[in-house]
Amino acid sequence: MAASEGPLKDVKVLDLSRILAGPTCTQLLGDLGATVIKIENPATGGDDTRQWGPPYVEDAEGNRSDLSAYFMSTNRNKKSVAIDIATPEGQAEIKRLASHADILIENFKPGGLAKYGLDYASLSQEFPGLVYCSISGYGQTGPNSSKPGYDLMAQGYGGIMSLTGEAEGAPMKVGVGIADVMCGMYASVGILAALRHRDLTGEGQQIDLALVDAQIAWLINEGVNYLTSGKVPQRRGNGHPNIVPYEVYETADGHVILAVGNDGQFRRYCAFINHPELAEDPRFATNPARLEHRDALNEVLRPAMRSLDTATVIAGLEERKVPVGPVRTLDQVFASDQVAARQMQIDMQAAPGEVKLIGNPLKLSRTPVTYRSAPPEFGADTQAVLNAENPFED
């Protein structure tokens, strides 16, 4: 792992997390320059997601590695160290690593690390400056704290599935583990805030973060719509609860996204589809009116959009400064010049061979993110770390 010049280059992270929320957080910290030591259980072959394939990376001879695509999505810029924390020797090693660390992040069930003496109450006595982040399904407190938590359950329990999917269809999860990912984002913010406090006062603290809490937090406007009105929101497919027209429309040869954000854009849009009268109709002239008469408006818009091909719609509305865009597949996404210009796909050299990964979206002008090491094979750094006097040094 080459030395980092990132903004967190002196920060040392002991990562006891696995699967998605915790690893999302620690990969972000690693991209920003932190040194991350990832602890993996030798009894299980490491992080669960190493087995969540195919696809896997293969070496030049076609032999499958333990680098699944899922694992690689959140585990670059880390060292992999195999330690069995159920043994006294493993617990001693974790404490030694913690003595050098600024941050420890874990996602065991609440109370699960206490029997090993690795919970916050135990470690904070020995290392009072340690920032200790605990991620769990429902948090360290509350009636559900002992229940396990996975992304799908968080999406169901926290309400987002009730808002996602077609109006007459079944509740639908988001296409990726968004509850986990957003929990990891909140974790990174909380950790950096706690680190700032530690740097000012010398005092560490525990961050208690729940998947369900994080998911409820990003209900955003739909959550506050309910709290304000008392009305339970209903699924609308791709429709927006507060803006019309703002959804996906079928065209003659595909689909486009239309996002009309104000009445001026609506007038220009109506002129483009040869229905200027809609902008003068009291039912549709303002966004609140369009919201009230959504179905009547769509009875006109849908056939009008189906009469036009996708390229014509996009070119015509872009020319008129009306927000519009395509619905792209992933092959189209990663082949685009925009992705290349923004470096949102990167190539790295892993042990079995070159791997393609998704880039970090943060673009810092003075301290850019760095990609120093590819996702590691299980236990690749065990001996180097355990034999080092300072395990976080490169």
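The values are calculated or read from the model by the stated rules, or taken from the named source; none is laboratory data. Here the structure is a predicted model, which means the values were calculated and not measured. Cβ coordinates were reconstructed from backbone atoms using ideal geometry, including for glycine residues, and neighbour counts include every protein chain displayed. Just so you know, the surface numbers come from the protein's heavy atoms only, side chains and all, with ligands and any DNA or RNA stripped out. Shrake-Rupley method; radii C 1.70, N 1.55, O 1.52, S 1.80 Å.
When only Cα pairs below 8 angstrom with a gap of at least 6 residues are kept, segment 1-101 shows a relative contact order of 29 percent.
Under the criterion of Cα pairs below 8 Å and six or more residues apart, the relative contact order for the chain equals 20 percent.
Per-residue Karplus couplings for segment 22-37, computed as 6.51 cos²θ - 1.76 cosθ + 1.60 with θ equal to phi - 60°, are listed in order as x, x, 4, 4, 6, 5, 4, 5, x, 4, 7, x, 5, 8, 10, 9 Hz, Gly and Pro entered as x. When the accessible area of the chain is computed with all protein chains present and a 1.4 Å probe, what percentage of it is carbon and sulfur? Reported share for carbon and sulfur atoms: 53 percent. Note on Rg and Dmax of the Cα atoms in Å: of the candidates (i) 22.8, 71; (ii) 24.8, 78; (iii) 21.2, 66, the value calculated from this structure sits at (ii). Accessible surface comparison of TYR132, TYR157, TYR116, TYR186, probe 1.4 Å, protein chains only, largest first: the order is TYR157, TYR186, TYR116, TYR132.
With the charge dipole of the chain set up from +1 on Lys and Arg Cβ and -1 on Asp and Glu Cβ about the Cα centre, the Cα lying farthest toward the positive end among the listed residues TYR246, LEU16, ALA341 is that of TYR246. A Förster distance of 25 Å, applied to the separation of the beta-carbon atoms of ASP253 and ALA170, puts the FRET efficiency at 0.30. With viscosity 1.567 mPa s and temperature 4 °C, the Kirkwood radius over alpha carbon pairs of segment 126-206 converts through Stokes-Einstein to a diffusion coefficient of 88 µm²/s. Using a/c under 1.5 as the rounded threshold, could you call segment 62-151 rounded, prolate or oblate? The axes a ≥ b ≥ c are square roots of the C-alpha gyration tensor eigenvalues, and prolate needs a/b larger than b/c, oblate otherwise. Oblate shape, in that a/c is at least 1.5 and b/c is the bigger or equal ratio.
Taking the Cα atoms only, what angle lies between the long axis of helix 178-201 and the longest principal axis of the chain, rounded to 10 degrees? On a 0 to 90 degree scale, this one is about 50. For segment 235-366, the fraction of alpha-carbon pairs lying more than 23 Å apart is 45 percent, rounded to a whole number. Each of THR201 and VAL333 was given a label point 7 Å from its Cα along the Cα-to-Cβ line. The distance between the two points is 4.1 nm.
Please identify, among SER373, SER68, SER122, the residue showing maximal mean-square fluctuation in a Gaussian network model of the chain using a 10 angstrom Cα cutoff. The residue that fluctuates most here is SER122. Where both bridge residues fall in the chain, DSSP classifies roughly 40% of the beta bridges as antiparallel. With protein chains left intact and a 1.4 Å probe, residues in segment 1-112 average 36 Å² of accessible area per residue. Cross-link partners among aspartates and glutamates for LYS173, C-alpha distance below 20 Å, same-chain residues fewer than 8 apart left out? The qualifying aspartates and glutamates are ASP151, ASP213, GLU222, GLU247.
Taking a straight line from the alpha carbon of LYS12, these lysines sit under 23 Å away, with near neighbours fewer than eight places off in the same chain left out: LYS38, LYS78, LYS79, LYS95, LYS363. Taking every C-alpha pair closer than 8 Å and separated by at least 6 residues, the mean separation divided by the residue count of segment 89-162 gives a relative contact order of 29 percent. Keeping all protein chains in position, work out how much accessible area ILE358 exposes to a 1.4 Å probe, and write it in Å² to the nearest 10. Per-residue accessible area (ILE358): approximately 100 Å². The gain in end-to-end length when the ASP48 to ASN144 segment is fully stretched comes to 32.2 nm, 0.36 nm per residue minus the alpha carbon separation. With respect to the chain, whose longest principal axis is taken over its alpha-carbon atoms, helix 294-306 is tilted by about 90°. Taking 7 Å steps out from each Cα toward its Cβ at GLU292 and ALA388 produces label points 6.6 nm apart. The accessible area of HIS240, taken with all protein chains in place and a 1.4 Å probe, comes to roughly 40 Å².
Ranking VAL355, VAL369 by solvent-accessible area of protein heavy atoms (1.4 Å probe, all protein chains present), from largest to smallest, gives VAL369, VAL355. For the chain, a crude dipole built from +1 on the beta carbon of Lys and Arg and -1 on the beta carbon of Asp and Glu, taken about the Cα centre, is about 800 debye to the nearest 20. Probing with 1.4 Å while keeping every protein chain in the model, the per residue accessible area of segment 190-264 equals 52 Å².
The alpha carbons of segment 129-269 occupy a box of 61, 34, 34 Å along the principal axes, longest dimension given first.
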